[in-house]
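*Asks:* Right, I'll just put the structure down here and ask away after.
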Protein chains: 2
Amino acid sequence: MAKTKDSNTEGNILASAENIFQSKGMDGARMQEIADKAGINKAMLHYYYRSKQLLFEAVFNKAFSLLAPQLNVILNDDSTIEDKIKNFTSSYISFIMKHPYLPSFILQELNRNPKFAKKLQENQNFPNLEKFKNQVNLEIEKGILKPIKGEQLFINVLALSIFPFVASPLIKIFLKSSEKEYKQLMKDRKTDVSDFIIKSIKA
Amino acid sequence: MAKTKDSNTEGNILASAENIFQSKGMDGARMQEIADKAGINKAMLHYYYRSKQLLFEAVFNKAFSLLAPQLNVILNDDSTIEDKIKNFTSSYISFIMKHPYLPSFILQELNRNPKFAKKLQENQNFPNLEKFKNQVNLEIEKGILKPIKGEQLFINVLALSIFPFVASPLIKIFLKSSEKEYKQLMKDRKTDVSDFIIKSIKA
DNA sequence: ACTTTTGTCAACCAAATGGTTAAACTATTT
DNA sequence: AAATAGTTTAACCATTTGGTTGACAAAAGT
């Protein structure tokens, strides 16, 4: 390393790139803007990450690897479905409240470029639904849950947890609510969502 | 009009612009690509719509005015909450299946440009939640529904109806499903979603 | 018939943008 | 301290992109 020992240029670049890419998307982001935010020369972006595409992929992969493990709470843990759902919705909503741009970013870019989807499908140790589905069926047989397809339940859990963040501008308009009221509503959802689901599926 | 009478250039432009903008977003769309898809010269786009921004707004406003009225099914109709929800989820999911890009497009652009949100909030006769909230409270008092906040119920209805389309690439990966299986799942949701909600809220 | 208006296109333009280069500068090695 | 390797910058480049212009053709108006 040269020059200042405490200045971590590569890290600064990634942080700025996260900020810009996640709010403006791949197409809307400008390399110059990322450089400005990092307070460095634009050439440094290419020195450390070669191209816009590669810098973007670094941001995307980091974002995805932050979101995906959280899913294991609901997929690979050993508690009951009810506990899993309570646990998951609460912790996932808390997590997203700290990173409100993440879900929109991931979904937008996945929609934009199907190649990303394929890559994720193949390479990663991608979260697997089988265990969850089996457990749902088992608890239905035991009479703990009302009949429901595991896939649909899983989609519902994700939808109720994530959608309010993806649709935040729309929801703020509907509810005519300030940023503060919106945040309170999201806080409430940490328990409201699991209550809502449990009421629906508990036998 | 000049030249050919049957060639509706302005309409062709709008149709092509919808196609391109809705799949690539404002930032990812290219004027040349829209012109190519419409089979006309790029200058025509400016002749009829002046600028990319105005062409985009024409597309956005048309898309929004297609989606918004559907909400009146649940907001301004006079049936019971249960009927409203059954009616809405079924018809909304049917509608989105015919225009799968619309919700992502609207949400993405609303996230990108908060000014759009403000415009919608002010100008339009924007769907109003008050009636729905009052009705929910009334049915709770009457003992028809279990206690729930109208805002949260409304968000839940939207989330369960719309999210699976916004997150379609992700869901296809999770379920390891083909396009066909995915579509079947969405068809099932036309009744599954309302069943799920009704079970949760009915006293 | 001829004038005016409307529609269409090829060529062009200026600005923006991702990326490169060569030189300067700094830290480490020898 | 001299050489080497890693880091940073200003200036530059080629391409892309939204937008414009001027000529021309087809209707419509007179």
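*Asks:* Can you tell which of B:M44, B:M26, B:M97 shows the greatest fluctuation in a Gaussian network model of chain B with Cα springs below 10 Å?
*Replies:* Evaluated over chain B, the most mobile residue of the options is B:M44.
*Asks:* Now for a separate question. List the distances, in nm to one decimal, from the label point of A:E57 to the label points of the same position in every other copy, shortest first, placing each label point 7 Å from Cα along the Cα-to-Cβ direction.
*Replies:* Between copies, matching label points for A:E57 lie 3.9 nm apart.
*Asks:* How many angstrom separate the Cα center of segment A:22-86 from the Cα center of segment A:138-203?
*Replies:* Cα centres, segment A:22-86 to segment A:138-203: 25 Å.
*Asks:* Tell me, Kirkwood radius of the protein assembly as shown from alpha-carbon pair distances, in Å? List each step's numbers first, then the result.
*Replies:* Numbers: mean 1/r = 0.0434 Å⁻¹.
That comes to 23.1 Å for the protein assembly as shown.
*Asks:* Using +1 on the beta carbon of Lys and Arg, -1 on that of Asp and Glu, and nothing else charged, what's the dipole of chain B about the Cα centre, debye to 20? Walk me through the intermediate numbers first.
*Replies:* Working: 30 positive and 22 negative charges, 84 e Å.
Dipole about the Cα centre, nearest 20: 400 debye.
*Asks:* Could you work out, for segment A:9-50, what percent of all Cα-Cα pairs fall into each 10 Å distance bin, beginning at 0 Å and stopping at the bin that holds the largest distance?
*Replies:* Histogramming segment A:9-50 at 10 Å steps yields 35, 59, 6 percent.
*Asks:* Once the Cβ-Cβ distance between B:H99 and A:S7 is put in as r, and R0 is 41 Å, what FRET efficiency do you end up with, to the nearest 0.05? Show your work: numbers first, answer last.
*Replies:* Values: r = 50 Å, r/R0 = 1.21.
Calculated transfer efficiency: 0.25.
*Asks:* Using a 10 Å cut-off on Cβ to Cβ distances, tally the other chain neighbours for every residue of B:139-150 and report the average as a whole number.
*Replies:* On the way: counts 0, 0, 0, 0, 0, 0, 0, 3, 0, 4, 3, 1.
For this peptide, the per-residue mean of nearby foreign Cβ atoms is 1.
*Asks:* Ok, one more. Considering the alpha-carbon set of segment B:130-184 alone, what are its Rg and its Dmax in angstrom?
*Replies:* 16.5, 46
*Asks:* Now, a different point. Quantify how much of the Cα-Cα distance distribution of segment B:85-157 extends past 16 Å, in percent. Walk me through the intermediate numbers first.
*Replies:* Values: 1743 of 2628 pairs.
When all Cα pairs of segment B:85-157 are counted, 66 percent exceed 16 Å.
*Asks:* For segment B:127-203, which trypsin sites (Lys or Arg not before Pro) are in a loop by DSSP, counting at most 16 other Cβ atoms within 10 Å?
*Replies:* Values: sites: B:K131, B:K133, B:K142, B:K149, B:K172, B:K176, B:K180, B:K183, B:K187, B:R189, B:K190, B:K199, B:K202; in loops: B:K142, B:K149, B:K176.
Listed in order of number, the matching sites are B:K142, B:K149, B:K176.
*Asks:* Could you pull the copy-to-copy label distances for A:K119, with points set 7 Å along Cα to Cβ, in nm to one decimal and sorted shortest first?
*Replies:* Once sorted, the set of distances for A:K119 reads 3.4 nm.
*Asks:* Would you mind telling me which residue in A:G25, A:G150, A:G11 has the biggest mean-square fluctuation in a Gaussian network model of chain A, where springs connect alpha carbons within a distance under 10 angstrom?
*Replies:* A:G11
*Asks:* Taking the Cα centre of segment B:9-50 as origin and charging only Cβ (+1 Lys, Arg; -1 Asp, Glu), how large is the dipole, in debye to the nearest 20? Please list the in-between numbers first.
*Replies:* Values: 5 positive and 5 negative charges, 18 e Å.
Dipole size: approximately 80 debye.
*Asks:* Same structure again: Viscosity 1.306 mPa s, temperature 10 °C: what is the translational diffusion coefficient of segment A:159-198 from Stokes-Einstein with a Kirkwood Rh over Cα pairs, rounded to a whole number of µm²/s?
*Replies:* On the way: Rh = 10.5 Å.
It comes out at roughly 152 µm²/s.
*Asks:* Another question, then. Considering every residue in B:102-111, what mean count of other chain Cβ atoms within 10 Å of its Cβ is obtained?
*Replies:* On the way: counts 0, 3, 7, 1, 3, 9, 7, 1, 7, 13.
Mean shielding count: 5.
*Asks:* Looking only at A:I155, A:I106, A:I85, which one moves most when chain A is put into a Gaussian network model with springs between Cα atoms under 10 Å?
*Replies:* Of A:I155, A:I106, A:I85, the most mobile in the Gaussian network model is A:I155.
*Asks:* Between copies, how far apart are the A:M44 label points? List them in nm, one decimal, shortest first, with each point 7 Å from Cα toward Cβ, please?
*Replies:* Spelled out, the distances from A:M44's label point are 4.9 nm.
*Asks:* Taking just the alpha-carbon atoms of segment B:1-94, what radius of gyration and Dmax come out, in angstrom?
*Replies:* Rg, Dmax (Cα atoms, Å): 18.0, 56.
*Asks:* Given a 1.4 angstrom probe, I'd like the percentage of the accessible area of segment B:9-50 that is carbon and sulfur, rounded to a whole number.
*Replies:* Values: 950 of 2170 Å².
About 44 percent, which is the carbon plus sulfur part of the accessible surface.
*Asks:* Shifting gears a bit: Total Lys pairs in segment B:136-198 closer than 27 Å by alpha-carbon, pairs eight or more apart in sequence or interchain only?
*Replies:* Number of lysine pairs found: 9.
*Asks:* Counting only helical runs of four or more DSSP H residues, what would the 222 nm mean residue ellipticity of the protein assembly as shown come to if each run contributes -39,500 (n - 2.57) and the total is spread over all its residues? Can you show the working numbers first?
*Replies:* Numbers: 24 runs with 307 residues, N = 406.
So the helix-based figure for the protein assembly as shown works out to -24000 deg cm²/dmol.
*Asks:* If you don't mind, there's one more thing I want to ask. Could you give the DSSP H helices of chain B that reach 18 angstrom or more along their long axis (alpha carbon positions) and whose average Kyte-Doolittle hydropathy is no lower than 1.0?
*Replies:* Details: long enough: B:9-28 (24 Å, -0.37); B:52-67 (23 Å, 0.77); B:81-98 (25 Å, -0.06); B:150-166 (24 Å, 1.51); B:179-201 (32 Å, -0.97).
Qualifying helices: B:150-166.
*Asks:* Using a 1.4 Å probe on protein heavy atoms, which residues of segment A:152-174 have at least 30 Å² less accessible area in the complex than alone?
*Replies:* With the partner chains in place, segment A:152-174 has these residues losing at least 30 Å²: A:Q152, A:I155, A:N156, A:L158, A:A159, A:L160, A:F163, A:V166, A:P169, A:L170, A:I173, A:F174.
*Asks:* While we're looking at this one, here's another question. In Å, what Kirkwood hydrodynamic radius results for chain A from the alpha-carbon pair distances?
*Replies:* Details: mean 1/r = 0.0521 Å⁻¹.
Evaluated over chain A, this radius sits at 19.2 Å.
*Asks:* Got a number for carbon plus sulfur as a percent of segment A:62-201's accessible area, 1.4 Å probe? If you can, show how the numbers build up before the last one.
*Replies:* Working: 3200 of 6180 Å².
Reported share for carbon and sulfur atoms: 52 percent.
*Asks:* Amide H to amide H, which residues 5 or more places from B:K202 or on other chains are under 5 Å from it, using H placed in the peptide plane?
*Replies:* Long-range HN contacts for B:K202: B:K146.
*Asks:* Oh, and also: Once you average over the residues of B:192-200, how many Cβ atoms of partner chains fall within 10 Å of each Cβ?
*Replies:* On the way: counts 7, 4, 0, 4, 9, 3, 1, 6, 8.
Partner Cβ neighbours, averaged per residue: 5.
*Asks:* Rolling a 1.4 angstrom probe over the protein heavy atoms, how many square angstrom per residue are accessible across chain B? Write down the numbers at each step before the final one.
*Replies:* On the way: 9960 Å² over 203 residues.
Roughly 49 Å² per residue, with all protein chains present.
The values are calculated or read from the model by the stated rules, or taken from the named source; none is laboratory data. Owing to the predicted nature of the structure, the values given are computational and were not obtained by experimental measurement. Counting neighbours? That spans all protein chains shown, and the Cβs are built from the backbone with ideal geometry, glycine included. These accessible areas exclude ligands, DNA and RNA; they are computed on the full protein's heavy atoms, side chains included. Shrake-Rupley method; radii C 1.70, N 1.55, O 1.52, S 1.80 Å.
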